[in-house]
């Protein structure tokens with residue numbers, strides 16, 4: 001800021017009051033960001049300013065801003081006339097439900113929230129503070145991308161951020177809230193964070209925009225179809241949550257933070273339990289249809305077992321044949337992984353494998369116990385799946401479960417066939433307790449498929465193949481379609497009454513509260529990415 | 001005196017005849033059992049005979065339900081289910097983290 005004082009006039013004596021007045025003027029100037037006109041334009045688009053968003057996110061009166069006077073040092077392309085205090089990002093720390101979080105919020109009113117050298121330095125500073133203090137980092141993203149006028153300085157700033165995203169991974173939870181555009185290299189920062197919340201119709205994410213794509217490949221596509229919130233929540237899986245508007249996105253963020261520990265050395269957070277630990281749900285006794293071709297909603301099962309109304313799905317709209325999310329069990333934050341028989345019969349495929357493996361690794365990194373509910377007929381057959389690398393993707397689930405040292409408890413509700421049985425938290429990949437409902441079936445494959453393989457010659461030569469097949473299928477079912485076969489050989493720890501699942505799981509979690517599991521020393525493993 | 005002796009003889013004769021007849025009947029029954037052995041329990045097809053004897057029947061459903069309910073309330077009243085979770089992680093967890 002140029003000195004406004006007139007040199008011909010005698011200087012006012014410096015007083016404490018004048019110093020405070022000067023500070024207040026500078027604060028007011030910094031809080032205006034790109035100016036009132038740009039704030040009005042932001043409001044006209046139905047969007048809030050960077051600070052308004054922060055104030056909506058955190059507990060009232062808890063936000064402490066830092067670096068609000070930092071300006072850039074560049075002179076080219078007219079930047080010397082656009083030196084705005086605080087530059088294009090607001091950083092600081094505040095509280096969500098009384099727990100401290102670090103926040104950075106891109107200010108679209110300042111040069112479109114473009115990622116500058118100063119923005120990079122400020123965001124890096126808040127990341128360093130968060131990592132050292134062990135608190136989550138939340139990014140509120142609304143930016144046109146790199147500040148072109150700053151050239152390589154802007155790119156270097158991106159690199160600093162990506163490096164810190166990586167360093168913070170597995171140390172403190174990272175959440176990206178997409179409240180506007182995010183294009184080019186800048187997408188890698190949210191891509192590196194643990195959770196991405198996208199706002200419908202407002203946020204977009206892509207490496208190359210529609211114009212570049214049309215120039216290079218000739219494909220015509222609009223922003224929404226290319227990288228809108230719905231696309232990334234349903235098709236690509238880049239986003240984990242779909243918010244209807246800014247307010248919804250910020251509320252989702254608050255809710256999500258409630259399930260997460262502040263860092264990797266803290267246990268999963270627990271609230272005072274509000275639900276009956278002894279709640280018996282008789283509905284569970286008949287929720288699984290006896291006809292194996294009939295489906296049921298696994299989300300209903302989860303809702304009935306865990307504390308009422310606490311299940312929060314992650315990746316709800318992506319790979320719906322699997323369900324993952326956070327819930328509370330007697331107030332304790334836990335991770336839930338499940339097959340979903342309502343979609344593709346709960347089969348495992350490429351997308352659901354990625355969804356499950358990533359969630360398991362997050363829970364393990366942050367000490368969140370894992371509960372797995374299994375009703376899967378196996379891996380999805382097909383040329384597309386094989387050529388798409390289902391072997392590599394499916395292996396991620398085995399890797400993630402085998403690597404995880406948090407408490408792992410599995411409940412087989414119905415089908416647990418073949419490779420899918422092995423990868424879905426089976427006893428052999430160090431699952432602590434495997435329980436089964438009386439409807440459970442543990443086998444290499446379904447009865448029809450097995451009989452086709454085992455007795456193809458006998459059936460082709462039979463004078464009454466249908467009768468013969470029915471007899472053999474029944475024989476196979478009598479042999480394998482019962483949890484007692486597995487329980488009799490220790491592959492399943494107990495067969496339980498479905499209605500009693502909740503108290504059984506609470507008791508199991510009590511047992512495993514202080515679980516200690518040691519893995520071989522290594523620099524890091526090599527998960528099949 | 002003679003009348004008394006005759007009566008005694010007739011009585012003894014009657015007893016002997018009765019026991020001989022009884023012995024003969026037993027022999028006939030035994031012979032018939034050898035010739036026509038009784039069918040085994042599981043081979044009976046009559047719906048009445050297929051039902052297990054009264055003393056082998058399972059407990060009444062109402063008794064099962066009442067027992068389960070009693071067990072449930074008793075456990076709920078006296079149990080400490082969930083108390084460890086309410087206390088939070090123990091010392092062993094913290095040792096693990098330090099390691």
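The values are calculated or read from the model by the stated rules, or taken from the named source; none is laboratory data. Everything numeric in this text was worked out from a predicted model, so none of it was measured. Positions of Cβ are generated from backbone atoms using ideal geometry, with glycine treated the same way; all protein chains shown enter the neighbour counts.
Every condition in (1) away from chain B (no Cβ under 12 Å); (2) in a loop (DSSP other than H, G, I, E, B) is met by residue A:251 except one, and the failing one is (2).
If only residues of the stretch A:337-351 that are in contact (Cβ under 8 Å) with a residue 40 or more places away in the chain and in a helix (DSSP H, G or I) are counted, the one that is surrounded by the fewest Cβ atoms within 10 Å (Cβ to Cβ) is A:345.
Within the stretch A:63-88, which residues are assigned to a helix (DSSP H, G or I) and surrounded by 12 or more Cβ atoms within 10 Å (Cβ to Cβ)?
Selection gives A:77, A:79.
Every listed requirement among (1) under 24 Å from residue A:250 (Cα atoms); (2) surrounded by 15 or more Cβ atoms within 10 Å (Cβ to Cβ); (3) over 16 Å from the mean Cα position of the chain (by Cα) is met by residue A:201 save one, (2).
Within the stretch A:323-336, if we keep just the residues that are under 21 Å from residue A:238 (Cα atoms) and in contact with a helix residue (DSSP H, G or I) (Cβ under 7 Å, 6 or more places away or on another chain), the residue that is surrounded by the most Cβ atoms within 10 Å (Cβ to Cβ) turns out to be A:323. Restricting the stretch A:267-295 to residues that are surrounded by 17 or more Cβ atoms within 10 Å (Cβ to Cβ) and outside any loop (DSSP other than H, G, I, E, B), which is farthest from the other protein chains (Cβ to nearest Cβ)? This residue is A:284. Can we say residue A:298 is more than 14 Å from every other protein chain (Cβ to nearest Cβ), within 25 Å of residue A:376 (Cβ to Cβ) and either touching a residue at least 60 places away in the same chain (Cβ under 8 Å) or under 29 Å from the mean Cα position of the chain (by Cα) (or both)? Answer is yes for this residue. Scanning the stretch A:306-326 for residues that are within 14 Å of chain B (Cβ to nearest Cβ) and touching a residue at least 40 places away in the same chain (Cβ under 8 Å) returns a single hit, A:306.
For the stretch B:69-96, give me each residue that is in a helix (DSSP H, G or I) and modelled with pLDDT of 85 or more. The answer is B:83, B:84, B:85, B:86, B:87. Out of A:318, A:326, A:359, one residue alone is at pLDDT 95 or above, assigned to a helix (DSSP H, G or I) and under 19 Å from the mean Cα position of the chain (by Cα). It is A:359. Is it the case, given these coordinates, that residue A:417 is surrounded by 19 or more Cβ atoms within 10 Å (Cβ to Cβ) and under 27 Å from the mean Cα position of the chain (by Cα)? The answer is no for residue A:417.
The combined condition, being within 14 Å of another protein chain (Cβ to nearest Cβ) and part of a helix (DSSP H, G or I), is not fulfilled by residue A:354.
Listed by position, the helices (runs of 4 or more DSSP H) enclosed by the stretch A:453-523 that each have at least 1 residues that are more than 30 Å from residue A:265 (Cβ to Cβ), in contact (Cβ under 8 Å) with a residue 24 or more places away in the chain and within 14 Å of chain B (Cβ to nearest Cβ) are A:501-511. Among the candidates A:529, A:435, the residue that is under 27 Å from residue A:380 (Cβ atoms) and either within 14 Å of another protein chain (Cβ to nearest Cβ) or surrounded by 18 or more Cβ atoms within 10 Å (Cβ to Cβ) (or both) is uniquely A:435.
If you check A:420, A:404, which single one turns out to be touching a helix residue (DSSP H, G or I) at 6+ places or on another chain (Cβ under 6 Å) and more than 22 Å from residue A:472 (Cα to Cα)?
Only one candidate qualifies: A:404.
Filtered by the rule that a residue be on the phi > 0 side of the Ramachandran plot, buried (at least 16 other Cβ atoms within 10 Å of the Cβ) and at pLDDT below 90, the stretch A:130-188 gives A:145, A:184.
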